[in-house]
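The values are calculated or read from the model by the stated rules, or taken from the named source; none is laboratory data. Everything numeric here is computed off the predicted structure, so don't read it as measured data. Using ideal geometry, Cβ is built from the backbone for each residue, glycine included, and neighbour counts are taken over all protein chains shown. Ligands, DNA and RNA are excluded from the accessible area calculation, which covers all protein heavy atoms including side chains. Shrake-Rupley method; radii C 1.70, N 1.55, O 1.52, S 1.80 Å.
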Amino acid sequence: MPENTTEVKTIAVIGAGQMGEGIAQVAAVSRFSVIVYDVSSDALRRCQESHKKRITKLSEKPPEKGGIPPADVEPVLARIKYVHNLSPVGGADVAIEAVVENFDLKKKIFHELAHTLTGRQILATNTSSIGITSIAASVGAAAERVVGMHFFNPVPVMKLVEVIKGIQTSQETVERTIALAKALGKTPIPANDRAGFISNRVLMPMINEGFYAWMEGVAEPRNIDEIMKLGCNFPMGPLELADFIGLDTCVNIMDVMADGLNDDRYRACPLLKQLVAAGRMGKKTGRGVYEYPKA
Ligand code: 3HC
C-alpha cells in the first residue's frame, strides 16, 4: 500500500452508490479515515454490507493483488463511518462527491459542501462528463478548490484517476489532488474540462458504435463483444461494458457530450435509448443487452 504523504487524514465520500462504495473502500484500505454520507439509510446499509463482504474477501488475496492481512480487516472496517446528515462531513480534509449524474443535484451538494468545508479542503467530483467549471460556478469563492477526480469501475481494480481542472480550479488544488490519488494507490492523469474529458470522449463513441452495428444487423451482440475481446484484447466487449456501466448512464454521458461539444455525432444510438426506455439498464437491473439472473 502506498504511504500517505499528503496532509489528508479524513476523506468524506458523498453518495453510497457503486462508485462511492468503491472509493470509500480504497480510501479505508489506504489508511484514511472515511465518512460515507448519503441521504438514504438503505443506500448506506447496502454500502456497509458490501464493504464487510468485499474487505473480508481482500484478506484471501495476496498483497500484490491488493490483499490485506486478516488482522487488518476489522481496523479497515472500523475506519469507515456511515452518516446521513452532513455535519460530521465538516471534519473531513477532502470531499469526493459520487452521486448520480444530475447537474442540479451536484450543484446543490457543492453549495452545501462549500458551506460545511470552509477551509482549504479539496472539493472533488467523480462526475463522468458534467463540466467541472459549471459545478464550481455554484460555490462562489470556493470554486478554486473544486476539481474532477474521475474514478473507474470497479474502483478497487481500475488504476486510473482522471484529474480534471476547471477554469477556476487552482494549480495548488490540482497538485494536491494528484498527490491524493497517488496516496490512494491510483495513477492520476490530468485532462482539461471538456464534456466527457478524455476517457468517455473516446470510450462512449466506441460503445455507441457497438449498438449501431447490432441495430444494423452487422453481427449479434455476443459476436460483436467476442470480436473486440479477441481481436483487440479488451477485457469486455463494448456491449457487455455498456451493461456493466449502466445503459442509462451511457445515454446520460452521451447527451452531456452532444450538448457540451455541440456535435450530434455523440448522440446515443436509437436502439440504446430504446433499451433504456424499456427499463433494461444493464447489470444493475438484471437485464440490458444481456440477461443477468440473480446469483
Ligand atoms: N470490486 C472489487 N473487485 C472486483 C470487482 C468489484 N466490483 N469486480 C471484479 N473484481 C476483481 C476480482 O476480485 C478479481 O480479483 P483477483 O484477480 O485478484 O481475484 C479481478 O477483479 C478480476 O475479476 P474476475 O476474475 O471476477 O473477472 P474478470 O477477469 O472478468 O475481470 C473486470 C472483471 C475487472 C471488471 C474486467 O472485466 C475489466 O477490467 N473490465 C473492464 C472494466 C472497465 O472498462 N471499466 C471502466 C468502465 S468506464 C468507467 O467506469 C467510467 C465511467 O465514467 C463510465
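Structure values in brief
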| read-out | value |
| --- | --- |
| Bins of 10 Å, starting at 0 and running to the largest distance - Cα pair percent for the chain | 6, 27, 34, 24, 8, 0 |
| Theoretical FRET efficiency, 1/(1+(r/R0)^6), r = Cβ-Cβ of Arg267 and Phe103, R0 22 Å, to 0.05 | 0.75 |
| Summed residue charge, Cβ within 12 Å of Thr285's Cβ, Lys/Arg positive, Asp/Glu negative | +2 |
| Full-extension gain in nm, Glu112 to Ala191, via 0.36 nm per residue minus C-alpha separation | 25.8 nm |
| Rg over Rh, two decimals, the range 151-224 (C-alpha only, Kirkwood Rh) | 1.15 |
| Mean separation of Cα contacts under 8 Å (6+ apart) over length of the chain, as relative contact order % | 14 |
| Separation of the Cys232 and Ala219 label points, Cα + 7 Å toward Cβ, nm | 1.1 |
| log₁₀ of I(q)/I(0) at q = 0.19, 0.26, 0.31 Å⁻¹ - the range 37-87, Debye sum with one point per alpha carbon | -0.66, -0.93, -1.12 |
| Percent carbon-and-sulfur accessible area, the range 54-168, ignoring ligands, DNA and RNA, probe 1.4 Å | 58 |
| GNM flexibility winner over the chain from Ala191, Ala277, Ala268 (Cα, springs under 10 Å) | Ala277 |
| Total formal charge among the other residues, if their Cβ is under 13 angstrom from that of Leu113, Lys/Arg +1 and Asp/Glu -1 | +1 |
| Taking only Cα atoms of the range 1-81, radius of gyration then Dmax in Å | 12.3, 36 |
| Mean-position separation - Cα centroids, the range 56-109 and the range 217-266, in angstrom | 29 |
| Over the range 113-186, volume per residue of the alpha carbon convex hull, in Å³ | 85 |
| Over the range 179-267, equivalent-ellipsoid semi-axes from the Cα gyration tensor in Å | 25, 19, 10 |
| Reachable lysines, given that their alpha-carbon falls under 24 Å from the alpha-carbon of Lys81 and they are not under 8 places away in the same chain | Lys9, Lys52, Lys53, Lys57, Lys106, Lys108, Lys182, Lys186 |
